[in-house]
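Engineer: Attaching a single structure in structure tokens format; questions to follow.
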Amino acid sequence: MDWSLTEVEAVVADYLKMLSLELAGQAYNKAAHRRVLLEKLKGRSAGSIEFKHCNISAVLIDLGCPYLRGYQPRANYQRLLYEVVEQQVERFSALDSLALAAAQQPAVFPENVDFTRVETEAPVKRHSVAEASPRYGRTPVKRDYLAIESRNSSLGQAGEEFIFRYEKWRLAHIGKSDLADRVEHVSQTKGDGLGYDILSFDVNGRERFIEVKTTALGKDTPFFISQNELHFSRDAGTDFTLCRLFGFRQTPQLFSLKGALDQHCDLDPVTYRASFS
């Protein structure tokens, strides 16, 4: 049964309230919020509300907005849901301020990083499980916070430093200290424009060209590449690796994509926005 306008408005308003608290760094309880919604939405199960939260995450990503950690985006949402999210985000001035501040916030290298726990599996292009109708548009409501964050030079530099140190640790950890000493942060030593940020090596000493993309948001957050980076990834083939750092301000993790980037991601032909759904 399709959700009514009243139901959709209630679940979206609650989600955006939690998102504003998360962006502000304030504590909240997802279970408590869900219990309140169950009282309001008679006949809806906890599972259906959870699914709707994941749909909202997908809408927010399409609008260029951050989404709640823990609610993995599920696309193919109702047109009604898209319209309600768009309207409520447009009216939620505090959320605009919080999202903009989060996107522009400076970053520093995190302390006490356990490199043994940072690597995880990469997302894959997925065929969405349809809830109702296909997705609609990718026009940001006020501004594209994801694009703004991608231009946050402080966050980008901190992420590059993270991967530079990680690569030195990785090689030393497998007994290749000679190779670890040769890892180079080329975006610092040679400048931007090479198509990659870090020169590293595999276990056999073969060069690895690593491009770093960093976000403070979740694993499914799209990232942006340049035309030069795309062409270099194609030319370098399996010697090219994109390292995607996510959750950088809380618990940094990373996944890697090896080879031509358009084999792994859906790329917008105008913005070069890379996504997995």
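The values are calculated or read from the model by the stated rules, or taken from the named source; none is laboratory data. Owing to the predicted nature of the structure, the values given are computational and were not obtained by experimental measurement. Because the Cβ atoms are built from the backbone with ideal geometry, glycine has one as well, and the counts that use them run over all protein chains shown. Heavy atoms of the whole protein, side chains included, go into the accessibility calculation; ligands, DNA and RNA do not. Shrake-Rupley method; radii C 1.70, N 1.55, O 1.52, S 1.80 Å.
Engineer: Pick from ASP96, ASP262, ASP181: which residue has the top mean-square fluctuation in a GNM of the chain where Cα pairs under 10 Å get a spring?
Structural biologist: Of the options given, ASP181 has the highest mean-square fluctuation.
Engineer: To check you understand DSSP bridge types, tell me what percent of the beta bridges within segment 167-277 (both residues inside) are antiparallel, rounded to 5.
Structural biologist: So the antiparallel bridges in segment 167-277 amount to around 70 percent.
Engineer: Could I ask something else about it? For the chain, with every protein chain kept in place, what is the accessible area per residue (1.4 Å probe, Å²)?
Structural biologist: 48 Å²
Engineer: Under 20 °C and 1.002 mPa s, how fast does the chain diffuse according to Stokes-Einstein, given a Kirkwood radius computed over C-alpha pairs? Answer in µm²/s, whole number.
Structural biologist: 108 µm²/s
Engineer: How large a share of the accessible area of the chain, in percent, is made up of carbon and sulfur atoms when the probe is 1.4 Å and the other protein chains stay in place?
Structural biologist: Summing carbon and sulfur atoms, their accessible area is 48 percent of the total for the chain.
Engineer: Over what distance in Å are the Cα centres of segment 1-49 and segment 188-205 separated?
Structural biologist: 45 Å
Engineer: Using 1/(1 + (r/R0)^6) with R0 = 25 angstrom and r between the beta carbons of LYS125 and ARG69, what's the FRET efficiency to the nearest 0.05?
Structural biologist: Rounded to the nearest 0.05, the efficiency is 0.70.
Engineer: Can I ask one more? On full extension of the chain, what length is gained from TRP169 through LEU38, given 0.36 nm per residue of separation minus the C-alpha to C-alpha distance?
Structural biologist: 42.4 nm
Engineer: Taking the chain as a Gaussian network, Cα atoms linked when under 10 Å apart, which of VAL12, VAL84, VAL203 shows the biggest mean-square fluctuation?
Structural biologist: VAL203
Engineer: Quick one: divide the alpha-carbon radius of gyration of segment 167-277 by 2.2 N^0.38 Å and tell me what you get.
Structural biologist: Ratio of Cα Rg to 2.2 N^0.38 Å: 1.08.
Engineer: Could I ask something else about it? Counting other Cβ atoms within 10 Å of each Cβ, which chymotrypsin sites (Phe, Trp or Tyr not before Pro) in segment 211-277 have at most 10 and sit in a DSSP loop? Walk me through the numbers on the way to the answer.
Structural biologist: Values: sites: PHE223, PHE224, PHE232, PHE240, PHE246, PHE248, PHE255, TYR272, PHE276; in loops: PHE248, TYR272, PHE276.
When the chymotrypsin sites (Phe, Trp or Tyr not before Pro) of segment 211-277 are filtered for loop state and at most 10 Cβ neighbours within 10 Å, nothing remains.
Engineer: Right, something else. Could you tell me how many degrees, from 0 to 90 and to the nearest 10, lie between the Cα long axis of helix 79-91 and the main elongation axis, the longest principal axis, of the Cα atoms of the chain?
Structural biologist: The angle comes out near 80 degrees.
Engineer: Further question: Do any trypsin sites (Lys or Arg not before Pro) in segment 143-249 lie in a DSSP loop with no more than 13 other beta carbon atoms within 10 Å, and if so, which?
Structural biologist: Filter output for segment 143-249: ARG151, LYS190, ARG206.
Engineer: Using a 10 Å Cβ count of at most 13 others and DSSP loop calls, identify the longest part of the chain lacking such GluC sites (Glu not before Pro).
Structural biologist: 122-277
Engineer: At 1.4 Å probe size, with no ligands or nucleic acids counted, give the accessible surface of SER277 in Å², nearest ten.
Structural biologist: 30 Å²
Engineer: Okay, moving on. As a quick test, which of the pairs LYS176/LYS219; LYS52/LYS258; LYS17/LYS52 have an alpha carbon distance above 25 angstrom in this structure?
Structural biologist: Numbers: LYS176/LYS219 30 Å; LYS52/LYS258 33 Å; LYS17/LYS52 15 Å.
Going by Cα-Cα distance, LYS176/LYS219; LYS52/LYS258 fall outside the 25 Å limit.
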